[in-house]
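Have a look at the structure below, then the notes.
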Amino acid sequence: MNGSGPGEMKRRPIAFWVLHASGWLAYAGASSIFQLWGRWASTRQVFLSIIAYGLGFLFCIPLRAFYRKIRFHELPLTRSMVTAAAASFLGAHLWLGLQLVIGLLLQWPEASPRLLLQAYVEEIFTRVILLLIWTFLYFAIKTWMEWRLQAERREKANLLAQDAQLRMLRYQLNPHFLFNSLNSIRALIDEDEMKAREMITELSEFLRYSLDSKDYTDVPLKHEMEAIRHYFAIQKKRYEDKLEVVYDIEPKAGEYPVLSFLIHPLVENAVKYGMRTSPKPLTVSLTAKTSAAGLTIEICNTGRWSEPDRPEDQSPAGTGTGLDNVRRRLENAFPNRHRFEFFEEDGCVHVRLEIHDSRGVTHE
Amino acid sequence: MNKPIRALVVDDERLARKDLIALLGAHDQVTVIGEADDVPSAVEAIRALNPDLIFLDIQMPGDSGFDLLEKMDVEAQVIFVTAYDEFAIRAFEVNALDYLLKPVNPERLAKALEKR
């Protein structure tokens, strides 16, 4: 067997034996019921029946080994049919032959070889059919299990691919932000030592959060907001009086679970495009509130909406900061229960995000 | 090699300009003759002061450093100063003298100045 996992390796032989034994038992049982309907069988007849069915059960084992040896499942259709017929024919004879031998040894009249030989054609025919049916069932079930296994593997592969894609969409630290911040800290050291220290503290707090490699789907909004507060503390030291930030986060909204770094790309965009299009000072406001329907978050920045059309506007590849990425993450985590829209109004760009409660779940 | 160099520093962040000017202080032949915090004021400063060398940030509000070079014929040599290296190839295309990463390494700055 190529490429089976450990669980799969154990399951297949067990499955075979369970099916094989129960199949023969069922056949033996049904067959006996039909044959003995209304009649009572003597002990010897019962014994002989058991031997007959038992031999059938046993003969299938070397038959299976034979099929595996010749790699039956790889044979083309006609050849496999011919092989199955031949194997069943031969097997039927061996089976009957053994019964004859046992009859001779026992010397019971009921087991007389002559009885069996008189009905030779019928006896052989029955056995050949049985073995053929067995062969067919064996390969049918085998194929079905193989197919199931492939489907499982495909499913797993899909999940892994999706997972990898999601990782790419995850926020990754914006190198511009990091190096610009370090640059500012260096400049502040001899100008305002206190500020330089504060900035280092804020930066390390922010990095601690953003470098966490796990992709959380249930971070309380207030943790996200903490990271954003650190981010803005740094930005305000860099941009000084060119940047103002306003927060309006309802306490209940703070408890609502969101995706890690879902909001951050939106905030970065607000700063980037706001700095470009807004009269100074750029004002960014963040609001979050809960309602019966769920959570609503809005990020506004003074300025105008602009398309990222220049190369220097594109997010550095793979930093997960595009609006597209946010949308995809929302679709993945809150399928059909979110809203994501942006519009320009009153000299501000608004980005609004709604996450709706799944039915029956309330967040207190 | 030690010709006096008249330099203009263009960056939208005051602290970034301050940091670079502090580093340039170690080079006697360089005199910073002006600063600008966006492309329009940079254009004005270039016309008024006629610098030999311009330290140019790329990502600025409004027009970028590249936009400045497209907007006017600049006789001065240009050294780009930016936080991350994704624009290095484009810097080559516009014949920049060099491309420095913030926070600028003093030794790297010295090498860039030697290229003049």
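The values are calculated or read from the model by the stated rules, or taken from the named source; none is laboratory data. All values reported here derive from a predicted model rather than from experimental measurement. Quick reminder, even Gly has a Cβ in these numbers, built from the backbone with ideal geometry, and neighbours come from all protein chains shown. Accessible surface areas use protein heavy atoms only, side chains included; no ligands, DNA or RNA. Shrake-Rupley method; radii C 1.70, N 1.55, O 1.52, S 1.80 Å.
Close amide H partners of B:Val32, meaning residues 5 or more places away or on another chain with modelled amide H under 5 Å apart, are B:Ala7.
Our coupling estimate for the range A:78-92, obtained by passing each phi through the Karplus curve with A = 6.51, B = -1.76, C = 1.60 and θ = phi - 60°, is 4, 5, 5, 5, 4, 4, 4, 4, 4, 4, 5, 4, 5, x, 4 Hz, Gly and Pro reported as x.
Have a look at the DSSP beta bridges in chain A and tell me what percent are antiparallel, nearest 5. Walk me through the numbers on the way to the answer.
Details: 26 of 33 bridges.
Bridges in chain A are about 80 percent antiparallel.
Taken over the range A:88-196, the percentage of Cα pairs per 10 Å bin, counting from 0 up to the bin with the maximum distance, is 12, 17, 12, 10, 9, 8, 7, 6, 6, 7, 5, 1. Projecting the Cα atoms of A:Ile299, A:Phe343, A:Gln99 onto the charge dipole of chain A, computed from C-beta unit charges around the Cα centre, puts A:Gln99 farthest toward the positive end.
Kirkwood hydrodynamic radius, the range A:198-251, all distinct C-alpha pairs: what's the number in Å? Its Kirkwood hydrodynamic radius stands at 12.3 Å. For the range A:41-155, relative contact order (Cα pairs under 8 Å, six or more residues apart, normalised by length) works out to 29 percent.
Pull out a ≥ b ≥ c, the square roots of the eigenvalues of the alpha-carbon gyration tensor of the range A:89-149, then state rounded if a/c is under 1.5, prolate if not and a/b is larger than b/c, and oblate in the remaining case. Intermediate results must be reported in sequence, preceding the final value.
Values: a/c = 4.45, a/b = 2.89, b/c = 1.54.
Prolate.
Going by a ≥ b ≥ c, the root eigenvalues of the Cα gyration tensor, does the range A:160-258 fall in the rounded group (a/c under 1.5), the prolate group (a/b larger than b/c) or the oblate group? Oblate. Here's the list of lysines a cross-link from B:Lys18 could span, going by alpha-carbon distance under 24 Å and ignoring same-chain residues fewer than 8 apart: A:Lys195, A:Lys236, A:Lys237, A:Lys242, A:Lys272, A:Lys280, B:Lys3, B:Lys102, B:Lys111, B:Lys115. Taking amide H as placed 1.01 Å from N in the peptide plane, the amide H of B:Ala83 sits under 5 Å from that of B:Lys102, each at least 5 places away or on another chain.
Given the options A:Ala52, A:Ala227, A:Ala164, which has the most mean-square fluctuation in a GNM of chain A, springs set between C-alpha atoms less than 10 angstrom apart? Comparing A:Ala52, A:Ala227, A:Ala164 in the GNM, the peak value goes to A:Ala52.
In summary, the aspartates and glutamates within cross-link reach of A:Lys142, defined as a Cα separation below 18 angstrom excluding same-chain residues under 8 places away, comprise A:Glu8, A:Glu74, A:Glu152.
A simple rule links phi to the HN-Hα coupling: the Karplus curve 6.51 cos²θ - 1.76 cosθ + 1.60 with θ = phi - 60°, which for the range A:338-344 gives 8, 9, 9, 9, 9, 7, 10 Hz, with x for Gly and Pro.
Using a 1.4 Å probe and counting only protein heavy atoms, arrange A:Arg329, A:Arg39, A:Arg337, A:Arg304 so the residue with the most accessible area comes first.
On the way: A:Arg329 15, A:Arg39 160, A:Arg337 65, A:Arg304 135 Å².
Order by accessible area, largest first: A:Arg39, A:Arg304, A:Arg337, A:Arg329.
Rounded to two decimals, the Cα radius of gyration of the protein assembly as shown over 2.2 N^0.38 Å is 1.74. Remark: the range B:98-103, residue by residue, has Karplus-estimated 3J(HN,Hα) of 6, 9, 10, 9, 7, x Hz, where x stands for each Gly or Pro and the curve is 6.51 cos²θ - 1.76 cosθ + 1.60 at θ = phi - 60°.
Residues A:Asp346, A:Asp163 ordered from highest to lowest accessible area at a 1.4 Å probe: A:Asp346, A:Asp163. Taking A:Thr143, A:Thr283 and ordering them by how much accessible surface each has at a 1.4 Å probe, largest first, produces A:Thr143, A:Thr283. Normalised by the number of residues in the range A:219-262, the mean separation of alpha-carbon contacts (under 8 Å, six or more apart) gives a relative contact order of 69 percent.
Calculated FRET efficiency, A:Thr78 to A:Asp324, Cβ-Cβ distance, R0 = 56 Å: about 0.55 to the nearest 0.05.
Sort chain B into rounded, prolate or oblate with this rule: let a ≥ b ≥ c be the square roots of the eigenvalues of the Cα gyration tensor; rounded if a/c is under 1.5, and if a/c is not under 1.5, prolate when a/b is larger than b/c, oblate otherwise.
Rounded, since a/c falls under 1.5.
Heavy-atom surface analysis with a 1.4 Å probe gives the range A:75-175 a carbon and sulfur content of 70 percent of its accessible area.
Less than 5 angstrom separates the built amide H of B:Gln59 from those of B:Gly65, all sequence-distant by 5 or more or on a different chain. Compute the accessible area of each residue in the range B:76-116 twice, once for its chain alone and once with every protein chain present, using a 1.4 Å probe on heavy atoms, and list those whose area falls by at least 30 Å². Buried-area filter returns B:Ala83, B:Tyr84, B:Glu86, B:Phe87, B:Arg90, B:Lys102, B:Pro103.
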